[in-house]
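The values are calculated or read from the model by the stated rules, or taken from the named source; none is laboratory data. Predicted, not measured: the structure shown is a model, and the values here were computed from it. Cβ coordinates were reconstructed from backbone atoms using ideal geometry, including for glycine residues, and neighbour counts include every protein chain displayed. In case anyone asks, the SASA skips ligands and DNA or RNA and just uses the protein heavy atoms, side chains included. Shrake-Rupley method; radii C 1.70, N 1.55, O 1.52, S 1.80 Å.
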Amino acid sequence: MTDTSVDPPRTPRRSPAGAAEAPRPAARRGHRPGTTRPDDGNATAATRPAGTRPTTTARPAEGTTGATRSAPSAPSTAGRSAPGAAGAAGSAGPTGADLHLDLPATGSRRSALMDALREAIRSGRLAPGTRLPPYRALAADLGIARNTAADAYAELVAEGWLTARQGSGTTVAERAEPVPPTRARRSSRPPRPAHDLRQGQPDAAAFPRTAWLAAGRRALTAAPNEAFGPGDPQGRRELRDVLADYLARARGVRTDPDRIVVCSGFAHALRLLFDGPRAVLPARTAGSLAVEGYGLAFHRGLLAAAGATTRPLPLDEHGARVGGLAEDPEIRTALLTPAHQFPTGGPLHPGRRAAVVDWARGRGGLVLEDDYDGEFRYDRQPVGALQGLDPERVVYLGTASKSLSPALRLGWMVLPDHLVDRVLAAKGEREAWASALDQLTLAEFIDSGGYDRHVRRMRRRYRDRRDRLVGALAEHAPHIEVTGIAAGLHAVLRLAPGTERSVLKAAAYRGLVLDGLADYRHPLLAAEAMPATDGLVVGYATPPDHAYPAALEALCAILPPPL
């Protein structure tokens, strides 16, 4: 225990003539060698404002042995300069980090602050050497008196939790026994594969960082102030304007900006249409939803969770057999990938495109067009959007996930006029998903021509990847049929019946990740309507350039020999 009494003031010495001797220099008054005070980070002893009361020191308790560091008591606030005064005077050095502390609503503020600081240090949240904020700033943040914060700092210095040096601020003290690290949480994620040939992912290394950054600078510079406020659920007008022009030019879509609603991707669009209390196409009134016999299980699961009943349409070399739509009166909506059927490949036949639009008109239904891989066609001109045949019966759904990156979380819905207000009601009064800043950047990227240049460059890059895959298979496994390669970012390798499961096991053993065709088959698709086919879905866009040859070698090594 220490005696916290203050030394009595010194009586001025008198000269032989009886005159009082001049006081000692202010730098030595009230300060004993070896003592410190919590530094506010504002002024050193040499620049202490006039009138500041000298620092008081604590004496070691009687009967103690050994050297004991004396702790300062709280300095008075009288004559103290305002917070940040040193910064205004040109003092160098940071003012300390922001500090999150939870103090109870009742009880001593000083004790509560000391307990909170001890716990933060003990738990490792405040590591040794961490600079604390000045006690004035901390007091203001916590709504407590300055002296309370200063007293707490001083006591923790005395206890050895903190150290304080004049002009250097207050920091967490070094400890002989550091806090043991917390046990790392075991991750549920599988380890990174040796070779990644999963479908649906663009080459992440090819994202146009420099061009995107430049577009972002230009967009933010030109953005109006209101762009940084609450977002419009329909999306930024700048993006909708350029999307209307681009989609008309590149995909044959017929629309105007007021019929475009920005969303955060294809799955988000499905949720807006089918899920939630304000769903545009609620399951109880929308009837059954026709889907292609092969497609993403994730999308089927999302629709099932929303209560929608899906009916599979068989596929052949001309795409979905849409003639079956007229045979089921309960079907009112059809979800299709007309540009490039996913995952089997190939566009929807022109006759079937016209037939499905006629069906929608006659039944008063809708076609949901997933424009999957519409921009990446290699062997001839891209197939135009189905939406161009009847904008009032087709909902066009597109995203930047394949062309740029799924990390952007940007997509768009081109809607019939009668659905726009209903979709906006489902989104709510404010945009909650798609960043307005990303929308502005994408708008500038498209408007400046950067998007077209990037798509053309990636089209050449992915075509080269496809050709290398086809060449490797022709050399090492010529008996394997490759389909679906006219467009997109993946190919389908046809396998002999009964071999798909064993090939996937061999791939896993070699650290090769890819998908089997069976994973995409709708569980209600009858075998008599469309027999099951063994195969592999191989994505050739995912691996970086340096890893692609090894991935192709691993793929060829696991393929079964000819029968």
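Observations on the structure shown:
- Linear extension gain, residue 407 paired with residue 226, 0.36 nm per residue minus alpha-carbon span: 62.7 nm
- Tail weight of P(r) past 18 Å, computed on alpha-carbon pairs of the range 349-406, percent: 40
- Estimated FRET transfer efficiency (residue 237, residue 209; beta-carbon r; R0 22 Å; 0.05): 0.25
- Treating each Cα of the range 452-508 as an identical point scatterer and summing with the Debye formula, the log10 of I(q)/I(0) at q = 0.19, 0.28, 0.30 Å⁻¹ comes to -0.78, -1.17, -1.22.
- The amide H of residue 310, built 1.01 Å from its N in the peptide plane, has 289 as neighbours under 5 Å, considering only residues 5 or more places off or on other chains.
- Area accessible to solvent at residue 460, 1.4 Å probe radius, in Å²: 150
- Between residue 528 and residue 506, residue separation times 0.36 nm minus the direct Cα-Cα distance comes to 4.9 nm.
- GluC sites (Glu not before Pro) within the range 456-524, DSSP loop, no more than 14 other Cβ atoms inside 10 Å: none
- Estimated Rh, the range 427-563: Kirkwood, alpha-carbon pairs, angstrom: 17.7
- Of all beta bridges that DSSP places with both ends in the range 244-391, some 15 percent have antiparallel geometry.
- Per residue, the accessible area of the range 356-479 comes to 41 Å², computed with a 1.4 Å probe over protein heavy atoms only.
- Annotation: amide H-H contacts under 5 Å for residue 199 (H modelled 1.01 Å from N, sequence separation of 5 or more, or interchain): 515, 539.
- In this structure, the amide hydrogen of residue 170, modeled 1.01 Å from its nitrogen in the peptide plane, lies closer than 5 angstrom to those of 39, 132, counting only residues at least 5 positions away or on a different chain.
- Phi angles of the range 480-497 translate, via the Karplus equation with coefficients 6.51, -1.76, 1.60 and θ = phi - 60°, into HN-Hα couplings of 8, 7, 10, 10, x, 9, 6, 7, x, 10, 8, 10, 10, 9, 7, 10, 5, x Hz per residue; Gly and Pro are given as x.
- Using the Cβ-Cβ distance between residue 563 and residue 467 with R0 set to 35 Å, the FRET efficiency from 1/(1 + (r/R0)^6) comes to roughly 0.80.
- Each residue of the range 549-555 was assigned a 3J(HN,Hα) from its phi angle through the Karplus expression (A = 6.51, B = -1.76, C = 1.60, θ = phi - 60°), giving x, 5, 5, 5, 5, 5, 5 Hz with x at Gly and Pro.
- Theoretical FRET efficiency, 1/(1+(r/R0)^6), r = Cβ-Cβ of residue 122 and residue 166, R0 45 Å, to 0.05: 0.95
- For the peptides 328-334, 486-492, 364-370, 521-527, residues were scored by their other Cβ atoms within 10 Å and the scores averaged per peptide; the highest-first order is 486-492, 364-370, 328-334, 521-527.
- ³J(HN,Hα), Karplus 6.51/-1.76/1.60, whole Hz, each residue of the range 235-243, x for Gly, Pro: x, 4, 4, 4, 6, 5, 5, 6, 5
- Inter-centroid distance (Cα atoms) of the range 276-307 relative to the range 446-492, Å: 31
- Spin-label pair residue 305/residue 453, simplified geometry with 7 Å Cα→Cβ offset, distance in nm: 4.0
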